[in-house]
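Q: One structure coming up, written as structure tokens, with questions to follow.
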Amino acid sequence: MKGLKKLALATAVAAAPFAAHADLKALDDSAMGDVTGQAGVSIELETEVSIGEFRYTDEGYLSVNDIYIGGGTVERDGSGNVTGVSGLLDDLLIDIDVEADGDAYIDVHSISGAPIDFAVGVGSASLNATDGSGDSTLLASNIGIEGGLAQLNIRVDTATDDLIMNVGFNVTDMDMNVDFLGVNIRDMRVMGANFLESGGAVDPADPSTLSNAYAFATITVGKGVSAATGNDALEIAIPNFQADILVGAVEIGGASIGSFQMDNLAVTNTNMKVYGH
């Protein structure tokens, strides 16, 4: 209803030049206050996305094929090839506000209060020549990622011109073939930094236990300056990221050579600048 009131205001403003002919009446200050003095916009969303090919071209090109984004699980055929996802990316509620200091704030969370499940499937990623040789390298194939999103809020800060994201997520199952190395990864998990110590104990009624199952990070994106060229660059900063990572099996030549895990992996004080050359 609030969004409809704002739409009505915008329509009235756009129609103002025609008021003399349509006998429209301008809103008085009190009426405009009722329209504009409301909270922000909320969006309930459910969706499923598929992309046939994403291609990045420089001289040769990188091709990523058969991308599926949704919820549930990643679907595969009898040969293990990714064919889609089993459900919608749903239970999403997005709150959007522009605050008094001009900052834009977007909060993505679930309607139910539970973490949002997601599934991403990718058929293949390859490098390809454009010089007529027909050469190509299959980098990876049959990538399937399933997990949960516990937190995502985004702020555009007008004081710094930075985009600041706070995210909490996990990966409960990831399988992929790294074809150009002849290595397969099976049953990979990315969990919270206290996952192994706690034995994976999570109490939905106790938010403090979310760090057992979900990894949290703050990511800042803004404009920086390249130290090498002195030119503007896209700057990405991650001050702190901690997680436990577990891999059920590493396969070489179709046979497992064992499993491994990393306890309390910490990536700190990370700063990356991206620019063209």
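Q: Rounded to two decimals, what ratio of Rg to Rh does segment 136-178 give with C-alpha atoms and a Kirkwood Rh?
A: Working: Rg = 16.5 Å, Rh = 13.3 Å.
A ratio of 1.24.
Q: Between ASP263 and ASP58, what is the label-point separation in nm under the 7 Å Cα-to-beta-carbon projection?
A: 4.0 nm
Q: Quick check on segment 42-274: what does the Kirkwood estimate of hydrodynamic radius come out to from the alpha carbon pairs, in Å?
A: On the way: mean 1/r = 0.0499 Å⁻¹.
One decimal place: 20.0 Å for the Kirkwood radius.
Q: On to the next question. Just need the relative contact order of segment 146-252 here, percent rounded to a whole number, with Cα pairs under 8 Å and 6+ apart. Before the final figure, lay out each step's value.
A: Values: 241 pairs, mean separation 29.3, N = 107.
That works out to 27 percent.
Q: Which ³J(HN,Hα) values in Hz, rounded to whole numbers, follow from the phi angles of segment 108-113 under the Karplus curve 6.51 cos²θ - 1.76 cosθ + 1.60, where θ = phi - 60° and Gly and Pro get x?
A: My calculation for segment 108-113 gives 9, 8, 8, 6, 6, x Hz in order.
Q: Mind running the shape call on segment 202-277? Use the C-alpha gyration tensor, a ≥ b ≥ c as the square roots of the eigenvalues: rounded below 1.5 for a/c, prolate if a/b tops b/c, oblate otherwise. Don't skip to the answer; put the middle values down first.
A: Values: a/c = 3.74, a/b = 1.46, b/c = 2.57.
Verdict is oblate for segment 202-277.
Q: Going by amide H atoms built from the backbone, whose H comes under 5 Å of the H on THR158, apart from near neighbours?
A: Amide H neighbours of THR158, under 5 Å, 5+ apart: ASP103, ALA104.
Q: Moving to a separate point now. Please rank THR73, THR47, fewest neighbouring Cβ atoms within 10 Å first, as an exposure proxy. Before the final figure, lay out each step's value.
A: Numbers: THR73 17, THR47 11.
If I rank by nearby Cβ atoms, fewest first, I get THR47, THR73.
Q: Okay, moving on. With the dipole of segment 196-277 worked out from charges on the C-beta (+1 for Lys and Arg, -1 for Asp and Glu) around the Cα centre, which of PHE260, VAL247, MET272 lies farthest toward the positive end?
A: Working it through, the farthest residue towards the positive pole turns out to be MET272.
Q: Next question. List the relative contact order of segment 42-274 as a percent without decimals, with contacts defined as Cα pairs under 8 Å and 6+ residues apart. If you can, show how the numbers build up before the last one.
A: On the way: 656 pairs, mean separation 31.0, N = 233.
The value is 13 percent.
Only the coordinates and a few stated rules stand behind these numbers; no lab work does. Here the structure is a predicted model, which means the values were calculated and not measured. Positions of Cβ are backbone-derived with ideal geometry, glycine not excepted, and every protein chain shown enters the neighbour counts.
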